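So the structure is just underneath, and the comments pick up after that.
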């Protein structure tokens, strides 16, 4: 593992959590959107993360000692997928998007769940920012020792 590997891992996590927070904010902003360009109500979006490269521990466990220092790992955003939950249907006959029976399809977005997810994303972002600062401080102290 290289000297900057911790910064690379934390940096990838910062980017992933930022994207997660943006998707959650879009979900909250569209929680009452009944008509989209694709037709129908807005569909809740969820992020899918994956490991970015094999971990050093996994490579060492598999016996690939010569590869252990190459891949710092980290996290990457694989895709932003649509939630498959059906829309919430409400009886509102005067609504412009009501069907012939007077029902309107609303996005299946729970604000409490979205806020909990947002708090998790923000907290993960903060922890990774702290890890970047700690790594930076250790590198600075190492340079001071070399003087």
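The values are calculated or read from the model by the stated rules, or taken from the named source; none is laboratory data. All of these numbers come straight from a predicted model, not from anything done at the bench. Quick reminder, even Gly has a Cβ in these numbers, built from the backbone with ideal geometry, and neighbours come from all protein chains shown.
Here are 5, 55, 10: which of them is out of contact with any strand residue (DSSP E or B) (no Cβ under 9 Å at 6 or more places or on another chain), modelled with pLDDT under 95 and buried (at least 19 other Cβ atoms within 10 Å of the Cβ)?
Going through 5, 55, 10 in turn, just one is out of contact with any strand residue (DSSP E or B) (no Cβ under 9 Å at 6 or more places or on another chain), modelled with pLDDT under 95 and buried (at least 19 other Cβ atoms within 10 Å of the Cβ): 10.
Among 41, 93, 86, which is modelled with pLDDT of 85 or more, farther than 30 Å from residue 120 by Cβ and part of a loop (DSSP other than H, G, I, E, B)?
When all the criteria are applied, what remains is 93.
Looking for whichever is part of a helix (DSSP H, G or I) and surrounded by 14 or more Cβ atoms within 10 Å (Cβ to Cβ) here; the options are 114, 144. Which one fits?
Selected residue: 114, the only one of 114, 144 that is part of a helix (DSSP H, G or I) and surrounded by 14 or more Cβ atoms within 10 Å (Cβ to Cβ).
Kindly evaluate residue 10 against the criterion of being closer than 19 Å to residue 103 by Cα and in contact with a helix residue (DSSP H, G or I) (Cβ under 7 Å, 6 or more places away or on another chain).
Values: closer than 19 Å to residue 103 by Cα: no; in contact with a helix residue (DSSP H, G or I) (Cβ under 7 Å, 6 or more places away or on another chain): yes.
Against the criterion (closer than 19 Å to residue 103 by Cα and in contact with a helix residue (DSSP H, G or I) (Cβ under 7 Å, 6 or more places away or on another chain)), residue 10 does not qualify.
Quick check on region 34-45: of everything there that is touching a strand residue (DSSP E or B) at 6+ places or on another chain (Cβ under 8 Å) and buried (at least 16 other Cβ atoms within 10 Å of the Cβ), which residue is nearest to residue 138 (Cα to Cα)?
45
Between a residue in region 92-107 that is at positive phi and loosely packed, with under 12 Cβ neighbours inside 10 Å and any residue that is modelled with pLDDT of 95 or more and not in a loop (DSSP other than H, G, I, E, B), which pairs come within a Cβ distance under 6 Å, given they are 6 or more apart or on different chains?
none
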